[in-house]
Amino acid sequence: MTKKINRAYSVSNVLSKKFNELDFSGEWEATLGKPDKAFSAIIWGGTTNGKTEAAIKFAKYLTNFGKVAFDSLEQGLSATIQKALVRNHMETLGNSFMLLDREPFEDLIERMSKPKSPDFLFIDSVQYTRITKAQYYQLKELMLKKGKGIIWISQAKGSLPKGALADDIMYDVDLKLWVEGFKLFPDGRLNGGGEPFVIWAQKAAKYWKEIV
């Protein structure tokens, strides 16, 4: 039996292909440019530096472009998460944002496979997923196939994501978002952008003043 070979694209094929570019503006455009809707990202940083706050703010912004699911594996349905949602006025979003309380991998796959699944998925955190590299690629391919965005949140060890899987994810995703002192520093395959994003102005000013 002859093996089927994947299609090869001509330059004109590539140039004529339409992508679903997100029309970011303001601070988010200055930081991340205009990513494709099916982008992948990892947010990581040390404890108490603002990575969860950054993720919540990013999730809120993404509701301008579709529904967002936030799987809180590490903290679950907790007072900490509740306070973060209150601080960011997430109650104004209606059904555009949903919090998942420690939803396991198999349930996530089922949820995201449904026809009307959320457009963007946050997973907090990599270390609490307890998944293999093969399972990571399973979820990645599902999200790509459906044209949806996925954002991983990771603990840090030094200045890098903590653990082998988080390290693999960092090298694989489109956007690498390092959080330190309540600022988000972007890197990776940016379509524009590149400027740091201030997560919490008062705390950022205090942090960076003290270390200068």
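The values are calculated or read from the model by the stated rules, or taken from the named source; none is laboratory data. What you see is a predicted model; the values in this text were computed from it and never measured. A quick note on method: Cβ atoms are made from the backbone with ideal geometry, for glycine too, and the neighbour counts reach across all protein chains shown. Surface areas here come from the heavy atoms of the whole protein model, side chains and all, with no ligands, DNA or RNA. Shrake-Rupley method; radii C 1.70, N 1.55, O 1.52, S 1.80 Å.
Summary of values
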item: Counted residues, region 35-59 - those being under 20 Å from P118 (Cα atoms) and either part of a helix (DSSP H, G or I) or touching a helix residue (DSSP H, G or I) at 6+ places or on another chain (Cβ under 8 Å) (or both); result: 11
item: Given (1) at pLDDT below 95; (2) out of contact with any helix residue (DSSP H, G or I) (no Cβ under 9 Å at 6 or more places or on another chain); (3) aliphatic (A, V, I, L, M), number of the condition L144 does not satisfy; result: (1)
item: Matching entry among F65, F70 (being modelled with pLDDT of 95 or more and either assigned to a helix (DSSP H, G or I) or out of contact with any strand residue (DSSP E or B) (no Cβ under 6 Å at 6 or more places or on another chain) (or both)); result: F65
item: Some residue of region 155-164 being touching a Phe, Trp or Tyr at 6+ places or on another chain (Cβ under 8 Å), hydrophobic (A, V, I, L, M, F, W, C) and farther than 25 Å from Y61 by Cα; result: yes
item: Pairs, first more than 9 Å from W44 (Cα to Cα) and free of Cβ contacts under 8 Å to residues at least 40 places away in the same chain in region 155-166, second in a loop (DSSP other than H, G, I, E, B) and aliphatic (A, V, I, L, M), C-beta under 8 Å, six or more apart; result: L165/I131
item: Cβ-Cβ under 6 Å pairs, at least 6 apart or on other chains, region 89-105 side on the phi < 0 side of the Ramachandran plot, far side open to solvent by less than 30 Å² (accessible area, probe 1.4 Å) and at pLDDT below 95; result: D101/G76
item: Matching option when the condition is closer than 20 Å to S72 by Cβ and part of a loop (DSSP other than H, G, I, E, B), among S154, S117; result: S117
item: Which numbered condition Y171 misses (of (1) over 15 Å from the mean Cα position of the chain (by Cα); (2) open to solvent by 80 Å² or more (accessible area, probe 1.4 Å)); result: (1)
item: Residue ID - surrounded by the fewest Cβ atoms within 10 Å (Cβ to Cβ), chosen from residues in region 191-211 that are at pLDDT 95 or above and assigned to a strand (DSSP E or B); result: V198
item: Qualifying positions in region 9-32 - modelled with pLDDT under 70 and open to solvent by 90 Å² or more (accessible area, probe 1.4 Å); result: L15, K17, K18, F19
